Amino acid sequence: MKTPYTLIVITLIAALAYPPQWYPKPLRIQLTQWFGAGSYRSLPESMPMQPIEHEIFCPADPSGWRNAQSIDGVTIAESLACVADNPFLVAAAVKGTNNISHATLMASGLTGDAIEKANDLDGDGDPDEIHIRLEVAELNGATPLSLDPVTQYDIAPGIQPGLWVFAPKFVGMAVENFESQRARPALRLPSPAIRVEQGDRVFITLENSHYMPHTLHLHGADHAFIDANGEGNDGVPITSESPVMPGFARTYELTPRHAGTMFYHCHVQPHVHVMMGLQGLFIIEENRPNNWLQTLNIGAGLVRVPSRGVVETYDAEYDLHYQDLDQQLSERIRIDNDPRIITKSMHRDYDITDARPDYFTLNGRSFPYTFRESIVVGSDNDLIKLRVVNGGMKTIALHTHGHKFTVTHRDGTKVGANSETPRDVVTLATSQRLDLSVNLKNDGLHAYGPGIWPFHDHEYQGVTNDGIGPGGNISAIVYTDFLDPDGWPRTQGVAWDNYFTEQYYRKEIPVWNLYAPDLFGQPAMDGWILLRLLVLLVCLGTIIGILAGKVLKWREPNE
Amino acid sequence: MNLSRCLACLLMTLTAQAWAADKQPAADHHSHHGMQLDADGAVMNANSKQLPHGCDRISAEQDFTVHVGQKHAQDPGMAFGMSMQEIHVKPCSRVTITLVNDDAIRHQWMVHGLPKYLYPAGMFHLEASGGTERTGTFIVPPEPRNYLVHCDIAQHMEKGMRAQLVVGAGSGDLWAVNGVSDPFVRSSYFPQTPWLWFISVIILLVCAFVARRLTIR
C-alpha cells in the first residue's frame, strides 16, 4: 500500500529537480508573469590556464649550415631561414658523390654511388651523364615491438602521419642514433627535388628498399616509352612494365630535350602510392656552359646552388612542393605490421572517392614548422623564382600577401607574354606545376614594401592542421629587415607559444587562451545543474525499478 | 622467467628510446668514428685486436656467412630476412661476419649494445650495396648476453631483418626475432567477416539457453 505514496513523492522530487531552463516555453512565460525573472546566479569562472611548455621556435645551428660557404670548390649560398640543408650534402649533389673528397662524402651521409656524374658529352665544362640512385623509405610506420611508430617524422608538433618517400641513398641508420626513433634529418618529406640539365643522359635507379612494389614515372619529362634494352621506361604497370618488387632495382633512362618544371612519382596504385608521398619535383634546367647543378634539393625549398640559366635572371630560386594527406589513409601503415593486412587495408578498405585530406604540407611540413625552413627570404628589388607543384588531391588557390607575382611557365612550358599579368591568386590542379616570378620592387603593384607577407592556399582547409588553425601550408615572404640573425621572422601580433605545442593541435588549448583567457577561455562546470541532473536520474531510475517490479509480479501470479 | 626478463629488457629499451626522444636532436651530424666507406658499402668499428674488459685472450675464432635479402624472408608476411636469425658465439671470441647481399638494394648487419669504450655508440656495422658482400671482425665481451642484430634501413627490421647474437648462455631471447620469438605486438589475424559479431552473439545465446535448460532440472 505504501508504493503509490512513494511514487508520488519521488515524482515530486524529480519535478523539482528538473532544470527550469528546460521547462516548455509557455510554462516559463506563465511562471515569469507570476514570479518575475529567476534570481541571479553568477556565471562560472574561466578555467585557470595551464602553463604552456612549447618547443623551441628556432633550433640552433651549431654546425653553421646556414652560412654561405665553399665546399670542394662548390660555392653554396647563404640560407637565411632558421633551418638549413646540410651544405656537404648540397656539395655532394653538385659535384657528384664520385667527385668529392672522402670527408665531404662522409659529412653528406650519402653512399659513394648515390649521385654519380661523369662525361662532358657536349664539351661545355659540366658533366652530362648523371646517375641518381633512389630508395623508398617509410616514415612513421609500424613495428612489432611497440604501438608507437618508428622512423618518426613530425610534419607539425606531435603530428606524425604515415608516409612513403623516395630517398637518396644514405649510408648507415635510418634514425638519428640507436637510442632514438627519430628519422635522420635528411630522411624526410617531400621526396627530393631532382635537377638535371637539358640534354643530359640521365639514369635513375630505383632501388626498392620498401616492402611494397613501386615504380618511377617521369611526369612531363621527355622520356622514351621503352629503353635501349626494350624494357618499359614509363613506370606504368598496366601499360609499360611490371613494378619493381621489394629487394629489386630498375634503372629508368631519359635524355630530356625540353627544359621545364616537371614531376616524378610512383605509378603503382597511384591513388594510394602518390598520396602517401611518393612524388617529387623533377626540374630540367636549360643547357649552359659550366652548369653544375644541384642534382638533389633535399626537402625542396631554397636552391643553394642555382643553375646558370636561373641566375641570369633571378636573385634566388625556391622549390615549393605542396601536398595534402588523408589521415584515414596515412594511419593504415601505423596500425599493423603485416604487409598483407596493410595491403588489404590500403587497397580494399580505403576508398579515395570518399576521402577528404586532413593535413596540408609545404615542403614536407605544416605550420608552424613551415616558418623554420620554408619561408621565402628576400630584400627590396629582388627578383625571386618559385617552382611550385601541387602534389595533393585537392586543388590549391595559392595566394601571396603584399605581392602580385607573374606566372612565367605552366607545366614546364612558357606561357605567352600576354598571359603574364600580375596576380595574387592562382589555382594549381593536382600534379600541376607553375613557375612564378615574384618581383620585390616596391611599386604598389608587384610589391608593397618590406614586411612579413604570408603566402598560402586560400582554400581554407589548406591553412589548418586537421581543421585546427593556424596550420597547413602557411608560410611567408620575409624581408631581411624583418629577420632575426638566427633566421626567425620578427613577427608582430600574437605570441606563437600555443602553436609550438602538441596540445594545441590536439584541440586541448582554447584558441585565444593566450590573450583573452577570461573572455574566451574554457568555462568551469556548473555544479548546480549537474546536481539537478543527478537527482533527476536517481528518481527516474527508482520509478522505473518500482514499476518493473510491479509488472513482473503481475506476470508470475503463482508466487 | 624467460618471458619476464624479455619484458624487462624491452621496457628498458623503450624507456631509453623515450628518454632519447625527449632530448632535442643532438647535432650529431658528423659522428662516423672508425668508419670505412666506399662506393659499395661500409664497415664500421671493426676490431680484431683489442680485448674487451674481462677477457685475457681470444677464446675462439668464429666465422659466419650471413645471406640477406627478400628471398630469406622467414614467413609469408615478411618482406626481408637473414639466413641466420640467431648466431651463437663463445664469450671473448673473435667473430668474423661475411654479409652477402642477395638483393639489388642496400642491406646492413648491425649489432648494438657492445661496450662503448671499444665500439663507438656500442655498434659494429656492416653495410653492402645490392649484389655485393662485406666482411668485418669484432671481439665480443665475456658476459653472457643477447645482442640485437638488425638492418636499420627504414622498415627492414620491422619486416623481417631482426636477429640476435647470443654470447655464451645468453640473457634471454629478444622479442620479435623472426623464427625465434614472437612479436611483442602481434597482428590479430581475426577472420575478416562482417558475420563475426553476429556469429559470436548466436553462440552466446545458444550457450545461455542450454545452460538455463540444464540448471532448471
key: Search result, residues across segment A:337-352 that are within 7 Å of chain B (Cβ to nearest Cβ) and loosely packed, with under 15 Cβ neighbours inside 10 Å   = A:340
ask   = Looking at segment B:60-81, which of the residues that are within 13 Å of another protein chain (Cβ to nearest Cβ) and in a strand (DSSP E or B) is surrounded by the most Cβ atoms within 10 Å (Cβ to Cβ)?
value = B:68
message = If I filter segment A:51-65 for residues that are in contact (Cβ under 8 Å) with a residue 24 or more places away in the chain and more than 14 Å from chain B (Cβ to nearest Cβ), do I get at least one hit?
response = yes
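So that you can scan it fast, the table gives a plain yes or no per residue for (1) surrounded by 17 or more Cβ atoms within 10 Å (Cβ to Cβ); (2) more than 22 Å from the chain's Cα centre (by Cα):
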| position | (1), (2) |
| --- | --- |
| A:418 | no, yes |
| A:428 | yes, no |
| A:459 | no, no |
| A:463 | yes, no |
| A:483 | yes, yes |
| A:492 | no, yes |
Of residues in segment A:111-142 being part of a loop (DSSP other than H, G, I, E, B) and facing chain B (nearest Cβ under 9 Å), the one nearest to residue A:256 (Cα to Cα) = A:113
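Can you spot a residue in segment B:195-216 that is out of contact with any strand residue (DSSP E or B) (no Cβ under 9 Å at 6 or more places or on another chain), within 27 Å of residue B:86 (Cβ to Cβ) and surrounded by fewer than 10 Cβ atoms within 10 Å (Cβ to Cβ)? If you could, list the steps in order and put the result at the bottom.
The first filter runs over segment B:195-216 and keeps only residues out of contact with any strand residue (DSSP E or B) (no Cβ under 9 Å at 6 or more places or on another chain), leaving B:195-216.
Subset that is within 27 Å of residue B:86 (Cβ to Cβ): none.
The answer is no, given that none of the residues of segment B:195-216 is out of contact with any strand residue (DSSP E or B) (no Cβ under 9 Å at 6 or more places or on another chain), within 27 Å of residue B:86 (Cβ to Cβ) and surrounded by fewer than 10 Cβ atoms within 10 Å (Cβ to Cβ).
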request  = Starting from residues that are closer than 22 Å to residue A:451 by Cα and among the β-branched types (Val, Ile, Thr), keep the ones in segment A:389-416 and report whichever is surrounded by the most Cβ atoms within 10 Å (Cβ to Cβ).
outcome  = A:400
note = Per the list (1) within 22 Å of residue A:337 (Cα to Cα); (2) touching a residue at least 12 places away in the same chain (Cβ under 8 Å), residue check on residue A:179 breaks on (2)
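When only residues in segment B:33-49 that are among the small types (Gly, Ala, Ser) and in contact with a Ser or Thr (Cβ under 9 Å, 6 or more places away or on another chain) count, which is farthest from the other protein chains (Cβ to nearest Cβ)?
Taking segment B:33-49 and keeping what is among the small types (Gly, Ala, Ser), we get B:34, B:39, B:41-42, B:46, B:48.
Filter again for in contact with a Ser or Thr (Cβ under 9 Å, 6 or more places away or on another chain), leaving B:39, B:41-42, B:46, B:48.
On the way: B:39: 3, B:41: 8, B:42: 5, B:46: 15, B:48: 22 Å.
Here the answer is B:48.
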ask   = For the subset of segment A:143-163 comprising residues that are among the hydrophobic types (A, V, I, L, M, F, W, C), in a strand (DSSP E or B) and at the interface with chain B (Cβ under 7 Å from one of its Cβ atoms), which member is surrounded by the fewest Cβ atoms within 10 Å (Cβ to Cβ)?
value = A:147
query = Just for segment B:49-65: of the residues that are of a type in the set (A, V, I, L, M, F, W, C) and free of Cβ contacts under 8 Å to residues at least 60 places away in the same chain, which one is farthest from residue B:106 (Cα to Cα)?
reply = B:60
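Looking only at segment A:278-303, how many residues end up being assigned to a loop (DSSP other than H, G, I, E, B) and over 22 Å from the mean Cα position of the chain (by Cα)? Quick ask: steps written out before the conclusion?
Filtering segment A:278-303 down to residues assigned to a loop (DSSP other than H, G, I, E, B) leaves A:278, A:286-295, A:298-300, A:303.
Subsequent filtering for residues that are over 22 Å from the mean Cα position of the chain (by Cα) retains A:286-295.
Residues that pass the stated criteria total 10.
Looking only at residues that are surrounded by fewer than 17 Cβ atoms within 10 Å (Cβ to Cβ) and under 25 Å from the mean Cα position of the chain (by Cα) in segment B:27-50, which one is modelled with the highest pLDDT? Spell out the reasoning first.
Going residue by residue through segment B:27-50, those that are surrounded by fewer than 17 Cβ atoms within 10 Å (Cβ to Cβ) are B:27-28, B:30-31, B:33-34, B:36, B:38-39, B:48-50.
Those left that are additionally under 25 Å from the mean Cα position of the chain (by Cα): B:28, B:31, B:33-34, B:36, B:48.
Values: B:28: 37, B:31: 38, B:33: 49, B:34: 75, B:36: 81, B:48: 93.
Step by step, filter segment B:27-50, then rank; the result is B:48.
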key: Any pair with Cβ under 9 angstrom, 6 or more apart, that starts in segment B:104-127 at a residue that is without any contact (Cβ under 8 Å) to a residue 12 or more places away in the chain and ends at one that is β-branched (Val, Ile, Thr) and buried (at least 22 other Cβ atoms within 10 Å of the Cβ)   = B:122/B:111
Residues of segment A:164-175 classified as surrounded by 23 or more Cβ atoms within 10 Å (Cβ to Cβ), within 10 Å of another protein chain (Cβ to nearest Cβ) and either touching a residue at least 24 places away in the same chain (Cβ under 8 Å) or in a strand (DSSP E or B) (or both), total = 5
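The values are calculated or read from the model by the stated rules, or taken from the named source; none is laboratory data. Quick caveat: nothing in here was measured; it's all calculated off a predicted structure. All Cβ positions, glycine included, derive from the backbone under ideal geometry; neighbour counts span all protein chains shown.
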